[in-house]
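So the structure is just underneath, and the comments pick up after that.
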Amino acid sequence: MTMNAHPNSDNRLITALRRMTVEQLLQLGTSQVVYLRAGMRDGKLAFMLYGADGLPLALVDDVDTAVEMVVENGLCFAIVH
């Protein structure tokens, strides 16, 4: 059995999450999470960074550039299947 160091704060967080509206849940993390999608541009492989809300953020030529942009802006990748 493990003891939680802050059971009251955990319970408050759980309660707050359960009280969130659908709109609040949809916005959760949208300013911090991105996903990367490969595609073709002018016959060449290109990569589009999208925000969690689906808005395109940047089009780049390689994955390394996309990763650099994400890291420099303090964002996180989401894995999408």
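Every number in this text was worked out from the coordinates using simple rules, so none of it is lab data. Everything quoted here is computed from the prediction, not taken from an experiment. Please note: Cβ atoms are built from the backbone with ideal geometry, for glycine as well, and neighbour counts cover all protein chains shown.
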Acute angle (nearest 10 degrees) that the helix 7-18 long axis makes with the longest principal axis of the chain, alpha-carbon atoms: 60
Over the chain, relative contact order from alpha-carbon pairs under 8 Å, at least 6 apart, %: 24
The chain: calculated mean residue ellipticity at 222 nm from DSSP helix runs of at least 4, using -39500 (n - 2.57): -10000 deg cm²/dmol
Linear extension gain, Arg19 paired with Asp61, 0.36 nm per residue minus alpha-carbon span: 10.9 nm
Residues in the stretch 31-48 reached by a label modelled at Ile79 [backbone nitrogen below 14 Å; 7 Å Cα→Cβ]: 36
Computed magnitude of the charge dipole of the stretch 7-77 (debye, nearest 20; Cβ of K, R +1, Cβ of D, E -1): 420
Whole-Hz couplings from phi, Karplus 6.51/-1.76/1.60, listed for the stretch 66-75; x for Gly and Pro: 4, 4, 4, 4, 5, 5, 4, 9, x, 9
Net length gained if the chain between Met48 and Asp10 were fully extended (0.36 nm per residue, minus Cα distance): 10.0 nm
Whole-Hz couplings from phi, Karplus 6.51/-1.76/1.60, listed for the stretch 32-42; x for Gly and Pro: 10, 10, 9, 9, 10, 10, 8, x, 10, 9, 6
Sequence-distant residues sharing a close amide H with Val34 (under 5 Å, placed H): Cys76, Phe77, Ala78
